[in-house]
Every structure is written in structure tokens, then in C-alpha cells.
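Worksheet: the structure to be examined is printed underneath.
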Amino acid sequence: MGIDPNFDKNRETAGEENGVTVWGPVEPPETLGIHGTHVAVDYDICVADGACLENCPVDVFTWVDTPDHPESETKVEPTREDQCIDCMLCVDICPVDAIDVDPGRAGRT
Ligand code: SF4
């Protein structure tokens, strides 16, 4: 199952990392929540495939280390989600459906 597109209604914010809002629950190292709001990455699904980061036309994503997470020990942080042009490439390319993009969520953190 992929990222919940209604996570902003179903989850509570749990702080910020690298300037990005995190939606809980968060219990490191196994549970890391969803990172980002306009561009959201479910860290508990992400397998660090990297296609989103390599192909995003405006370089929204940055690698971060997530040691001991069961799916992968690096993740993509949407550090420049404010630059997103809503092309949906990352949503379509992610092999595990870990990303959701919704401009309507922007600023609603
Ligand atoms: S929707 Fe397009 S511009 Fe926005 S983060 Fe994904 S690949 Fe980048």
C-alpha cells in the first residue's frame, strides 16, 4: 500500500526535520512518518530508489541518512518542496508509491 493521500487529515504533525514538516507517528529508527506537505514522502515506505531525486526537474529532493530503518538507510527529503511545479513525475516514477503531491496542501501545516 502506498502513501495515504489524506495523511494531513489522518495524522498529526510531529515537528520538523531539515526544514520540512514531519507527520507522525515517529518512533526512530523503525518509524519515521511522512515528510513534507505539498510534496510528501512516506519514509516508512521509501526504499531509496532515487528515481524521484534524479529526475525531478527542479531538484526538490535531498538525500538524508536514516540508519537502521527497515526499508532503507537513506531517504529523499523534499527540502525544496516550495519549488515544485506539480509535474507529478515523482509520483508516477516511484516504484513503491511513497510520494504524494498536492498543491492544495501547501502551507496547511
Ligand atoms: S511533482 Fe515534479 S516538480 Fe514536484 S517534486 Fe515531483 S518531480 Fe519535482
- Message: Connecting C-alpha atoms closer than 10 Å in a GNM of the chain, tell me which of 51, 40, 98 has the biggest fluctuation.
- Response: 51
- Message: So if a site counts as exposed when it's one of the GluC sites (Glu not before Pro), its DSSP state isn't H, G, I, E or B, and it has at most 16 other Cβ atoms within 10 Å, what's the longest stretch of the chain without one?
- Response: 31-72
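Within a 10 angstrom radius of the beta carbon, how do 1, 88 rank from fewest other beta carbons to most?
On the way: 1 7, 88 12.
By the 10 Å Cβ count, ascending: 1, 88.
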- Let me know the shape class of the range 7-105, please: from the alpha-carbon gyration tensor, a ≥ b ≥ c as square roots of the eigenvalues, rounded when a/c is under 1.5, otherwise prolate if a/b is greater than b/c, or oblate. oblate
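How charged is the neighbourhood of residue 16? Take every other residue with its Cβ under 13 Å from the Cβ of residue 16, and add Lys/Arg as +1 and Asp/Glu as -1. Spell out each step's value before the answer.
On the way: positive: none; negative: 17, 77, 81.
Here the count lands on -3.
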- Task: Could you go through the range 47-53 in sequence order and give the Karplus-derived ³J(HN,Hα) for each residue, using 6.51 cos²θ - 1.76 cosθ + 1.60 with θ = phi - 60°, rounded to whole Hz, and x for Gly and Pro?
- Result: 10, 6, 4, x, 4, 5, 5
- Starting from the Cα of residue 10, step 7 Å along the direction of its Cβ; do the same at residue 48; then give the gap between the two resulting points in nm. 2.6 nm
- Name every cysteine in the chain that ends up alone, with no second cysteine's Cβ under 4.7 Å, or say none. 46, 56, 84, 87, 94
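Read-outs throughout are calculated quantities, based only on the coordinates presented, and are distinct from any laboratory measurement. Small disclaimer: the values here were computed from a predicted structure and weren't measured. All Cβ positions, glycine included, derive from the backbone under ideal geometry; neighbour counts span all protein chains shown.
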